[in-house]
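Please treat every number below as a calculation from the coordinates, not as lab data. Small disclaimer: the values here were computed from a predicted structure and weren't measured. Don't worry about glycine lacking a Cβ; one is built from the backbone with ideal geometry, like all the others, and counts go over all protein chains shown.
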C-alpha cells in the first residue's frame with residue numbers, strides 16, 4: 001500500500017512539472033513566427049487531404065484524352081497531364097497519399113526505435129554493444145540506397161515503401177532514445193522506482209520514456225518531412241505508390257518525359273512537396289527551440 005502511495009506521489013509531482021513545461025513550450029512556440037507559418041501550411045494540407053473529395057473538382061483518375069497537355073486555365077487551374085487528368089485534383093488527392101506515407105513510415109521507425117533504444121540504453125553492457133553494432137551496420141549504408149534495396153526486395157507498392165522507409169529511419173531513432181535513456185536512468189525518480197521494486201518494464205515505460213517525449217516529438221516532425229522526400233524518390237523510380245495513384249513523386253516521374261514542353265506537369269507536384277517538407281522542417285525547428293529553453297531566442 002505504501003509503495004503505491006509513494007509511486008503516486010512521484011507521478012503527481014512529475015505531471016505538475018510536465019504541465020508547466022508544456023505550457024511554457026507552447027508559449028515559446030507561438031512567438032516563433034516561422035514555426036507558426038509552417039504549422040498553418042501543414043494544417044492546410046492536412047485539411048485538404050481529409051476533405052479531398054469535397055475540394056477536388058474532378059476525381060484523380062478522370063481521363064479526357066482530348067484535353068491532354070492543357071496548360072493552366074480557368075477550367076483546369078494547374079492544367080492537365082498526358083492522359084487529360086486534372087493536375088489540381090491529383091495534387092489534392094495526392095496529399096492523402098504523401099502524408100500517409102510519411103506519417104506511417106515514421107510511426108514504424110519511431111515504434112521500433114523506441115523499443116530498441118530503450119532496451120539498449122536501459123540494460124547497457126553486452127546487450128547495448130550488440131544492438132548498437134547492428135545499428136551501425138544499417139547506418140553505414142546511405143539511407144536512400146538502403147530504402148531502395150529493401151523496397152526492391154519486398155516489391156513495389158505503398159505498403160512495402162512504408163516498411164522500407166520505416167526500417168531505414170529506425171537506427172537514428174534508436175540511437176536518440178538510447179542516448180536519452182543513458183542520461184535519465186540514473187535520475188533520482190528512477191532510483192526511487194527501483195527502491196520500491198518496480199519492474200523494468202514499468203520503469204522504462206512509466207518513468208523513463210515519458211521524459212524523452214520532447215526529443216521524440218521533434219524527431220517525428222522532422223522525420224515525416226524526410227520520409228515524404230524518400231517516399232517521393234521511391235515513387236519516382238517505380239518502387240513506391242503505383243499508377244494511377246497520384247503520389248507527388250510518381251506525378252513528377254510521369255511528367256519528366258514532357259518537361260521541356262509542358263513545365264506544369266512537374267512544377268506543381270514539386271511545389272507541393274517543397275511546401276510540405278519546408279513547413280514540417282520549420283515546425284520541427286520551432287518545436288526543438290520551444291522545448292529547449294536554452295535554444296529559445
If the elastic network links every pair of Cα atoms under 10 Å, which of 260, 139, 242 fluctuates the most in the Gaussian network model of the chain?
260
Got a sec? How would 23, 69 order by Cβ neighbour count within 10 Å, fewest to most?
23, 69
Note to self, the chain gives a 222 nm [θ] from helices alone (DSSP H runs n ≥ 4, -39500 (n - 2.57) apiece, / all residues, nearest 500) of -24000 deg cm²/dmol
How do 168, 149 rank when sorted from fewest to most other Cβ atoms within 10 Å of their own Cβ?
149, 168
Please list log₁₀ I(q)/I(0) at q = 0.25, 0.27 Å⁻¹ for the stretch 226-297, using the Debye equation with identical point scatterers on the alpha-carbon positions.
-1.05, -1.14
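Between residue 83 and residue 278, take the C-beta separation as r, use R0 = 35 Å, and let me know the FRET efficiency to the nearest 0.05. Kindly include the intermediate steps, with their values, before the conclusion.
Values: r = 30 Å, r/R0 = 0.85.
Here the calculated transfer efficiency is 0.75.
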Over the Cα atoms of the chain, compute the convex hull volume and normalise it per residue, giving Å³.
159 Å³
Check: C-alpha center the stretch 130-157 vs C-alpha center the stretch 267-289, spacing in Å is 25 Å
Residues 64, 186, 75, 247 arranged by fewest to most Cβ contacts within 10 Å
186, 75, 64, 247
What is the calculated FRET efficiency for residue 192 to residue 133, with r their C-beta to C-beta distance and R₀ = 41 Å, to the nearest 0.05?
0.80
Which whole-angstrom value gives the distance between the alpha carbon centres of the stretch 178-249 and the stretch 22-98?
28 Å
Fluctuation leader among 222, 209, 265 - the chain, Gaussian network, Cα springs under 10 angstrom
209
Treating the angle as unsigned and between 0 and 90°, give the value, to the nearest 10°, between the Cα long axis of helix 2-30 and the longest Cα principal axis of the chain.
40 degrees
Cα-based Rg / Dmax (Å) for the stretch 55-143:
22.9, 68
Fraction in percent of alpha-carbon pairs per bin - 10 Å, the stretch 163-297:
11, 28, 25, 18, 11, 5, 1, 0
Pairs of alpha-carbon atoms within less than 8 angstrom and 6+ residues apart define the contacts here; what relative contact order does the chain have, in percent?
26 percent
Taking only Cα atoms of the stretch 90-198, what ratio of Rg to Rh do you get with Rh as the Kirkwood inverse-distance radius?
1.12
Volume in Å³ per residue [convex hull over Cα atoms, computed for the stretch 183-252]
115 Å³
Can you give the FRET efficiency for residue 183 and residue 100, using 1/(1 + (r/R0)^6), R0 = 51 Å, r = Cβ-Cβ distance, to the nearest 0.05?
0.90
Connecting every pair of Cα atoms under 10 Å apart in the chain and solving the GNM, the largest mean-square fluctuation among 187, 144, 78 falls on 187
